[in-house]
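Input: a single structure, listed below in structure tokens.
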Amino acid sequence: MTDRKAEAYQDIIGLPHHVSQKHTHMSMTDRAAQFSPFAALTGYDAAVKETARLTEQRMELNEEEQQRISERLTLLKAHLSDSPVVEITWFVPDERKTGGEYNTVTGAVKKLDEFQRTLVMTDGTEISVEEIVELGGALFHTIDDTFA
């Protein structure tokens, strides 16, 4: 300090640190928290992450592929009592943005709900028939051989 500043505070420099009788002493952690950065834009980080999240575009099946899946669903319906194990790939639309993702599951089919247009797997997974893009498994090898 310069001499002038030192002279200005001479009267208080030697005094003991003030301790309030009214307020309790703030811990160092609480004091530091007062000066920590804060999120001025609440939800901004979540919005950035959501924007960065990638989705896939739904592929459109041609008539031949749609017919193939339809034939397989018919065969599957005829063999439901056998609890056939199939591999299904279907599109799950994203709830927040355009596009979605493709899921694949292998398991036994419990039922085909024609009213709701869903397949219900034994593990409880429900799959919209309209979203199925691939339906495979041992059950379908017989029709594949027929059309090969």
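The values are calculated or read from the model by the stated rules, or taken from the named source; none is laboratory data. From a predicted model like this one, the values you see are computed outputs, not experimental measurements. Note that each Cβ is placed from the backbone with ideal geometry, even for glycine, and that neighbours are counted across all protein chains shown. Side chains are part of the model used for accessible areas, which takes the heavy atoms of the whole protein and leaves out ligands, DNA and RNA. Shrake-Rupley method; radii C 1.70, N 1.55, O 1.52, S 1.80 Å.
Quick notes
- Rounded tilt (10° steps) of 63-78 against the dominant C-alpha axis of the chain: 80 degrees
- Loop-located chymotrypsin sites (Phe, Trp or Tyr not before Pro) in region 5-72, at most 10 other Cβ atoms within 10 Å (DSSP): Tyr9, Phe35, Phe38
- Pair-distance profile P(r), taking every C-alpha pair of region 1-116, with 10 angstrom steps and integer %: 9, 18, 17, 11, 9, 9, 9, 7, 7, 5, 0
- Carbon and sulfur %, accessible surface of the chain computed with the full protein complex present, 1.4 Å: 54 percent
- Applying both filters, DSSP loop and at most 15 other Cβ atoms within 10 Å, to the chymotrypsin sites (Phe, Trp or Tyr not before Pro) of region 69-148 gives Phe115.
- Taking 7 Å steps out from each Cα toward its Cβ at Glu63 and Val19 produces label points 9.2 nm apart.
- For the chain, the solvent-accessible area of protein heavy atoms averages 80 Å² per residue (probe radius 1.4 Å; ligands and nucleic acids excluded).
- Listed residues Ser27, Ser81 arranged by accessible area, highest first, probe 1.4 Å: Ser81, Ser27
- Restricting region 52-117 to GluC sites (Glu not before Pro) that sit in a DSSP loop and have at most 11 other Cβ atoms within 10 Å of their own Cβ leaves Glu60, Glu95, Glu114.
- Ala33-Asp123 pseudo-label distance in nm [points 7 Å out on the Cα-to-Cβ vector]: 4.3 nm
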